[in-house]
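Undergrad: Below you will find the structure I want to go over with you.
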Amino acid sequence: MNLSWDGEENIPAAKATVWTFINDPAKIAGCLPDVESTAITGSSSFDAVVRVSLGPVRGKFKFKVSLAPQADRNRMDLKVSGGGLGSVVDLAAGADLAPAGENATTLKWHGDASIRGPAATVGGRVLDAQAHRVIGTTFENVKKALSV
Amino acid sequence: MTASIGVAMKRKEDPRFIRGRGRYLDDIVLPNMLYLALVHSPYPHARIKSIDKSKALALPGVKAVITGEDLDAAKLEWLPTFHGYDKQMVLAFGKALYQYQEVAGVVATSREIAEDGVELVEVEYEPLDPVVNPFQSKEDKIILRDDRESKTNHIYHWEVGDKEKTAAALDSSAVRIKERILSPRCHPAPLEPCGIVADMNKATGRLTVYMTSQAPHVHRTAFSLVTGIPEDKIHFISPDVGGGFGNKVPVYPGYVVATVASVIIGVPVKWVETRTENLTTTGFARDYHMDVEIGATNDGRVTALKVSTTADHGAFDAAADPRKYPAGLFGIVTGSYDFPTAFAEVDAYFTNKAPGGIAYRCSFRVTEASYAIERSMDILARKLDMDPAELRRRNFVAKDKFPYSSPLGFVYDSGDYEATLRKALDKIGYDSLRKEQAEKRKRGELMGIGISTFTEVVGAGPGKHFDILGIKMFDSAEIRIHPTGSGIVRAGTRHQGQGHETTYAQIVGEELGLDPQELLVEEGDTDTAPYGLGTYASRSTPVAGAALAMAARRIREKAKKIAAHLMEVSEADVEWSDYKFNVKGIPGKSVTMKDVAFAAYTNPPPATEPGLEATYYYDPPNMTFPNGAYVAVVDVDRDTGHVQVRRFLAVDDCGVVVNPMIVEGQIHGGLTEGFAMAFMQQIVYDDAGNHLNTNFTDYLVPTALETPHWETDRTVTPSPHHPIGAKGVGESPNVGSPQAFVNAVMDALAPLGVTHLDMPLTREKVWRAIREAEAKT
């Protein structure tokens, strides 16, 4: 099952602040919901164990996350791969940053996910709703972290 | 004694089933038993780069982790498929070829630990683009099987009939129809999934295998051939089996891995699959895309039939068809109709889907064939603007034409199609239903009547045509009568709920004048039962039932000698009638089989071998051709697409009926499966090769709430070549019913101009068809 999402978020912080924040795997990892544990594996990568509940598919999924910043293009690419309980999730996402005034940044993002195994059978609507919840919560957490 | 055949005797096996005292595979628990759980591929097509067992092996309780590499080292990685055209991987080796394919096995002290161990096996995959349908496969852009010399996904081309004559006849026909008809990928989904307990006793060197098997003898031979363990050192026991429907004929990776683990470790190893494993990895059925063409005259006489099929076989050609018949008995596609000429061809392809193509409650591709012809006859009737019952009548093989040689090579044994259809139409009140329909149509209401007048072919052998692994498709019986006149009856088949313990006792009881209640029927133990090919393809009563009757007649021959001795008359003066031995011309002078049985052990005639037992291996001279006329009446809700099956009548002709209650039960079960296929069931893969029906919330099985009320009746034209005239019935309702439902729905949608929709006719599909049709007007 392949799913795609697009969106635009306004972060109440200067572009340089946002850029520094999203380049830090520890900070990004801290914003993900339902995370049981994380391990920073490099300057731009981390592993996360996440509690997943997709209909009958419930349990821990392990993900490897890697960041690929492109400072010259004001763009951050992100790859997430992993899964659990026989399911596999691969996500490729990208965000373009643009200043929106002095203390605000606009983040235009896009994500493509491929889901295989039992998680794919719960249906697009369930997956989509879950994905929106995860994305929404993550951005809320980013905003919270930066607005302090 | 009175008659046993034809009596609606209660099933002897039911008290233990009803009271929960059956003994199924999962009830078997042996000392020191270990449990196997399997790692499955999440990818439909991927290279396996590495498998790391270390974390799983470190888990306390895990005893072994087995991979394809381990099996390859033991030369057990590849198994022959039953018909011998292909081989299949036990565990994904090099590449995974379908989603959920077995990749590794974890053996542990409990099922739970084994499942936890599965989570700890780390497999690194390199995903490859999948091939998800046979039409994509045909392009050969992605070659799936590295192991084959042939670098194409095409598996075989098979054809039967006269191609040129059929093409010419179609070209010169006044009326022609052509339609692509899909018999969708579905799954037998037996209530009990598959399982095994393999128990290698290193002290005796003997391997005991408890397995959910429809064919324990064939499985024993297959295990011996593949493992090299001598056949006498393998003991197969197929315990009570909770439904098979063809799903328990193939050999699955879990069986092999559990056996290998037991042989290596020397303790029993159990594997019982989950529902998801059953639906995603074990033998699916059908997936035939059939292009059907019929030619006819303006007055509705068929002139020719051509069927070109594209078959999706999944990753391996594991269809359990007889060796010479890669497309099974698809040649039955001319059905009940007297086609002057016909041609059928099947091209099969590999895809990244689970292997199978098993005979789900049918004799090898008969359901597909029957669906194709019955659906097409309705499409032709529509084109001719002729009543579908009338079109069928005009084209039936006439009663006086039997034995009838079909243009695709079968010799039909017997039938009276006209009488069977007449009985069905009279009973359902066809004419008044058509009147009601005409009135409803005026009001815009959607009511439909669907007919299926199918002929199927069951009871394989004969051995000269059919074999599995080279073994001729005979079957066998052994009867041993005890001194007090009760006895034990054994057969080479293995029932999965069909009621053999009763039906077989009735056949033997009838032949010997003994009480079926005192005849114990035993099957499924290869140490005691005579060698047989098993229970599938409606072959139990046609083949093993015949063997039982013949073995009983052998007993009767010997019993006659003993009877003559007891009555002190010449054997020539003794005759068997009224279920006892009588002296010709002397009324009242008789002995019963019970008297004879006692004498066989206590007072045998001089120079006569004591005892009373016989064995018979029956190789049928021909197959049998059960048939029927089914009528479905449906009301379709225009707003929601809901189809209400108002009535369903099945008139079956399965020859002589041994136990009418059991036959009726078989028909109810098969109709319920046919209903499920018509309206609910399809194994769906998405474009990325994901299997989307992995459990019973997504792959639906009808409950009592959805299941319509079934009406049944029968006609009887005995099979002339079967010792008791029986034809077999297990499959008829499954083979004959889907098209009756679909024809009924298409008839209901006729005013909207809808010609054909593929099964399953879900509410959504029907609703969309109605909306699209309305949008056009």
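The values are calculated or read from the model by the stated rules, or taken from the named source; none is laboratory data. Please read all numbers here as calculations on a predicted model, not as lab measurements. With ideal geometry, Cβ positions are generated from the backbone for all residues, glycine too; neighbour counts draw on all protein chains shown.
Undergrad: Could you list, in sequence order, the residues of segment B:568-601 that are touching a strand residue (DSSP E or B) at 6+ places or on another chain (Cβ under 7 Å), farther than 19 Å from B:Gly509 by Cα and not aliphatic (A, V, I, L, M)?
TA: B:Asp573, B:Lys584, B:Lys589
Undergrad: Kindly check whether there is at least one residue in segment B:350-373 that is surrounded by fewer than 22 Cβ atoms within 10 Å (Cβ to Cβ) and touching a residue at least 60 places away in the same chain (Cβ under 8 Å).
TA: No, because not a single residue in segment B:350-373 is surrounded by fewer than 22 Cβ atoms within 10 Å (Cβ to Cβ) and touching a residue at least 60 places away in the same chain (Cβ under 8 Å).
Undergrad: Restricting attention to helices (runs of 4 or more DSSP H) lying wholly within segment B:684-777, give those where 2 or more residues are among the charged types (D, E, K, R).
TA: Working: elements: B:732-736, B:738-749, B:763-776.
Counting at least 2 such residues, we get B:763-776.
Undergrad: Mind listing whichever residues of segment B:572-619 are among the acidic types (Asp, Glu) and over 45 Å from the mean Cα position of the chain (by Cα)?
TA: B:Asp573 - this is the single residue of segment B:572-619 that is among the acidic types (Asp, Glu) and over 45 Å from the mean Cα position of the chain (by Cα).
Undergrad: Which condition breaks for B:Lys75 when tested against (1) at negative phi; (2) away from every other protein chain (no Cβ under 14 Å); (3) of a type in the set (D, E, K, R)?
TA: (1)
Undergrad: Quick check on B:Asn32: is it in contact with an Asp or Glu (Cβ under 8 Å, 6 or more places away or on another chain), in contact (Cβ under 8 Å) with a residue 24 or more places away in the chain and not basic (Lys, Arg)?
TA: So B:Asn32 does not fit the description; no.
Undergrad: B:Val742: surrounded by fewer than 19 Cβ atoms within 10 Å (Cβ to Cβ), within 30 Å of the chain's Cα centre (by Cα), under 30 Å from B:Gly655 (Cα atoms) and β-branched (Val, Ile, Thr), yes or no?
TA: So B:Val742 fails the test.
Undergrad: Looking at segment B:87-99, which of the residues that are in contact with a Phe, Trp or Tyr (Cβ under 7 Å, 6 or more places away or on another chain) and crowded, with 23+ Cβ neighbours inside 10 Å is nearest to the other protein chains (Cβ to nearest Cβ)?
TA: As a first pass, look at segment B:87-99 and keep what is in contact with a Phe, Trp or Tyr (Cβ under 7 Å, 6 or more places away or on another chain): B:87-89, B:96, B:99.
Narrowing the set further to residues that are crowded, with 23+ Cβ neighbours inside 10 Å leaves B:89, B:96, B:99.
Working: B:Met89: 19, B:Ala96: 11, B:Gln99: 7 Å.
Per the stated criteria, the residue is B:Gln99.
Undergrad: What strands (runs of 3 or more DSSP E) completely inside segment B:85-159 contain at least 2 residues that are closer than 22 Å to B:Leu36 by Cα, in contact with a Leu (Cβ under 9 Å, 6 or more places away or on another chain) and among the hydrophobic types (A, V, I, L, M, F, W, C)?
TA: Passing ranges, in order: B:102-108.
Undergrad: Right, here's the next one. Looking at segment B:753-767, I want the residues that are in the same structural domain as B:Val742 (by TED's automatic domain parsing) and have a partner that is aromatic (Phe, Trp, Tyr) and part of a helix (DSSP H, G or I) with Cβ atoms under 6 Å, at least 6 apart or on another chain. Which pairs are those?
TA: B:Pro760/B:Phe679; B:Leu761/B:Phe679
Undergrad: Can you tell me how many residues within segment B:23-39 are under 27 Å from the mean Cα position of the chain (by Cα) and either surrounded by fewer than 24 Cβ atoms within 10 Å (Cβ to Cβ) or assigned to a loop (DSSP other than H, G, I, E, B) (or both)?
TA: 5
Undergrad: Let me ask you something else. Does B:Gly331 satisfy the criteria of being assigned to a strand (DSSP E or B), modelled with pLDDT of 95 or more and either in contact with a Phe, Trp or Tyr (Cβ under 6 Å, 6 or more places away or on another chain) or not assigned by TED's automatic domain parsing to the domain that holds B:Gln99 (or both)?
TA: When the stated conditions are applied, B:Gly331 does not pass them.
Undergrad: Would you point out which residue out of B:Glu13, B:Glu102 is within 14 Å of chain A (Cβ to nearest Cβ), in contact (Cβ under 8 Å) with a residue 60 or more places away in the chain and among the charged types (D, E, K, R)?
TA: None of the others qualify; the one that does is B:Glu102.
Undergrad: Across segment B:289-346, which residue is nearest to B:Glu164 (Cα to Cα) among those that are among the charged types (D, E, K, R) and in contact with a Leu (Cβ under 7 Å, 6 or more places away or on another chain)?
TA: B:Lys306
Undergrad: A follow-up question, please. With the checklist (1) without any contact (Cβ under 8 Å) to a residue 40 or more places away in the chain; (2) in a loop (DSSP other than H, G, I, E, B) in hand, flag the one item B:Glu164 doesn't pass.
TA: (2)
Undergrad: Please verify whether segment B:441-451 includes one or more residues that are in a strand (DSSP E or B) and within 27 Å of the chain's Cα centre (by Cα).
TA: Among the residues of segment B:441-451, at least one is in a strand (DSSP E or B) and within 27 Å of the chain's Cα centre (by Cα), which makes the answer yes.
Undergrad: Which one is nearest to the other protein chains (Cβ to nearest Cβ), of the residues in segment A:25-39 that are more than 25 Å from A:Gly123 (Cβ to Cβ) and surrounded by 15 or more Cβ atoms within 10 Å (Cβ to Cβ)?
TA: Selected residue: A:Thr38.
Undergrad: Select from segment B:380-409 the residues that are crowded, with 21+ Cβ neighbours inside 10 Å and either under 27 Å from B:Cys186 (Cα atoms) or of a type in the set (D, E, K, R) (or both) and list them in ascending order.
TA: The answer is B:Leu380, B:Arg392, B:Leu408.
Undergrad: Just one of B:Ile683, B:Ile667 is at pLDDT 95 or above, within 14 Å of another protein chain (Cβ to nearest Cβ), crowded, with 24+ Cβ neighbours inside 10 Å and within 22 Å of the chain's Cα centre (by Cα); which is it? Reasoning before the result, please.
TA: Details: B:Ile667 fails: within 14 Å of another protein chain (Cβ to nearest Cβ).
Result: B:Ile683 is the single residue among B:Ile683, B:Ile667 that is at pLDDT 95 or above, within 14 Å of another protein chain (Cβ to nearest Cβ), crowded, with 24+ Cβ neighbours inside 10 Å and within 22 Å of the chain's Cα centre (by Cα).
Undergrad: Conditions first: (1) free of Cβ contacts under 8 Å to residues at least 60 places away in the same chain; (2) out of contact with any strand residue (DSSP E or B) (no Cβ under 9 Å at 6 or more places or on another chain). A:Gly55 passes all but one, so which condition is the exception?
TA: Of (1) free of Cβ contacts under 8 Å to residues at least 60 places away in the same chain; (2) out of contact with any strand residue (DSSP E or B) (no Cβ under 9 Å at 6 or more places or on another chain), only one is false for A:Gly55: (1).
Undergrad: While we're here: If you check B:Arg434, B:Arg441, which single one turns out to be without any contact (Cβ under 8 Å) to a residue 60 or more places away in the chain and in the same structural domain as B:Ala726 (by TED's automatic domain parsing)?
TA: Only one candidate qualifies: B:Arg434.
Undergrad: Suppose we filter segment B:693-733 for residues that are in contact (Cβ under 8 Å) with a residue 60 or more places away in the chain, within 14 Å of chain A (Cβ to nearest Cβ) and in contact with a Phe, Trp or Tyr (Cβ under 9 Å, 6 or more places away or on another chain); how many remain?
TA: 2
Undergrad: Continuing with this model, one more query. Going by the structure shown, is A:Leu54 of a type in the set (A, V, I, L, M) and within 14 Å of chain B (Cβ to nearest Cβ)?
TA: Spelling it out, A:Leu54 is indeed of a type in the set (A, V, I, L, M) and within 14 Å of chain B (Cβ to nearest Cβ).
For (1) in contact with a strand residue (DSSP E or B) (Cβ under 7 Å, 6 or more places away or on another chain); (2) outside any strand (DSSP E or B), each residue gets a yes or a no:
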{"site": "B:Thr208", "(1), (2)": "yes, no"}
{"site": "B:Val218", "(1), (2)": "yes, yes"}
{"site": "B:Phe223", "(1), (2)": "yes, yes"}
{"site": "B:Asp232", "(1), (2)": "no, yes"}
{"site": "B:Phe236", "(1), (2)": "yes, no"}
{"site": "B:Asn247", "(1), (2)": "yes, yes"}
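Undergrad: Among the strands (runs of 3 or more DSSP E) confined wholly to segment B:251-323, which include 1 or more residues that are within 30 Å of B:Pro239 (Cα to Cα)?
TA: B:269-272
Undergrad: Here is a check on your reading of the model: is B:Gln517 farther than 18 Å from B:Thr615 by Cα, in a loop (DSSP other than H, G, I, E, B) and not acidic (Asp, Glu)?
TA: no
Undergrad: If you don't mind, another one. Do you know which of the residues in segment A:109-125 that are at pLDDT below 85 and of a type in the set (Val, Ile, Thr) is surrounded by the fewest Cβ atoms within 10 Å (Cβ to Cβ)?
TA: Checking each candidate, the answer is A:Val122.
Undergrad: Mind checking which residues of segment B:653-664 are of a type in the set (Asp, Glu) and either within 14 Å of another protein chain (Cβ to nearest Cβ) or over 18 Å from the mean Cα position of the chain (by Cα) (or both)?
TA: B:Asp653 - this is the single residue of segment B:653-664 that is of a type in the set (Asp, Glu) and either within 14 Å of another protein chain (Cβ to nearest Cβ) or over 18 Å from the mean Cα position of the chain (by Cα) (or both).
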